[in-house]
């Protein structure tokens, strides 16, 4: 369980520890409790999964003896995951956006960012449990170095009249706090192709599916912590330089770059194409 500055997480979980004798609760405290008693428990499988992957703060059921007005003054964000079923998951899905205007500041410690990526890499699904996805976190000078490399590569291929716009875009990425590099280890893919020849032509595609899932988990988790991010794809142009600069295995294929930082402007408006009957169809509904 992660640190909970409100102190609420010191309460007991269901079926863990003694029940509080309600006779000990003062009328004023009982009145305050009634306002939150209808909040569904977050300790269901879907919400726990979301909390694990996004590293959100856990809020446990309250030990009534520790209630006080000051400890009930939570922010709205502390109850963002107090939803039943898939509601908390889809809240995170809706809030994840492409944010291009970011600063070098961060809303969470770098150690927390490392935890998020570690948990995502560990739990992201992959075909045949191949666990072929790899990730590299670049911070500080290493983050800036990546975008210097990218700009130098682009200067050799971008037309002169387009270069100022390209430089501005790359500088915007360099202004961020960090970058997550996503790779797929081709050794893992090749081993599966050898072991299961019947599916050998499908494993490269399934490997990309695994990478996409990992990217989405990390992206959504960073957003849940107040960071903004956008996914870039300057591979394969920068792949050789990336592998050599950070001494990474030659079997790693660069797939995407997730640049992130503290948002300095909101994401742009998002429009949606029709869903029912166009992008989604149902057959056999009872």
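The values are calculated or read from the model by the stated rules, or taken from the named source; none is laboratory data. Keep in mind that this is a model prediction, so the values were computed, not measured. Cβ: placed from backbone, ideal geometry, glycine included. Neighbour counts: every protein chain shown.
Before moving on, here are some points about what is shown:
- Any hit, segment 208-226, residues being over 24 Å from residue 97 (Cβ atoms), touching a helix residue (DSSP H, G or I) at 6+ places or on another chain (Cβ under 9 Å) and surrounded by fewer than 18 Cβ atoms within 10 Å (Cβ to Cβ): no
- Flag for residue 158 being more than 21 Å from residue 246 (Cα to Cα) and not in a helix (DSSP H, G or I): yes
- Filter pass, residue 131 being on the phi > 0 side of the Ramachandran plot and assigned by TED's automatic domain parsing to the domain that holds residue 234: yes
- Test: residue in segment 82-94 that is touching a residue at least 24 places away in the same chain (Cβ under 8 Å) and in contact with a strand residue (DSSP E or B) (Cβ under 6 Å, 6 or more places away or on another chain): no
Let's see how each residue does on (1) closer than 30 Å to residue 112 by Cα; (2) over 18 Å from the mean Cα position of the chain (by Cα):
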| residue | (1), (2) |
| --- | --- |
| 165 | no, yes |
| 178 | yes, no |
| 185 | yes, yes |
| 191 | no, yes |
| 195 | no, yes |
| 198 | no, yes |
| 204 | no, yes |
| 207 | yes, yes |
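- Residue 114 meets each of the listed conditions (1) over 30 Å from residue 193 (Cβ atoms); (2) in contact with a strand residue (DSSP E or B) (Cβ under 7 Å, 6 or more places away or on another chain); (3) touching a residue at least 24 places away in the same chain (Cβ under 8 Å) apart from (3).
- Among residues of segment 76-110, those that are part of a helix (DSSP H, G or I) and modelled with pLDDT of 80 or more, counted: 10
- Taking segment 170-286 as the region of interest, the strands (runs of 3 or more DSSP E) fully inside it that hold 1 or more residues being within 20 Å of residue 131 (Cα to Cα), touching a strand residue (DSSP E or B) at 6+ places or on another chain (Cβ under 6 Å) and in contact (Cβ under 8 Å) with a residue 12 or more places away in the chain are 178-185, 252-263.
- Inter-residue pairs, beta-carbon under 9 Å, first on the phi > 0 side of the Ramachandran plot and in segment 135-156, second modelled with pLDDT of 95 or more and assigned to a strand (DSSP E or B), 6+ apart: 140/178
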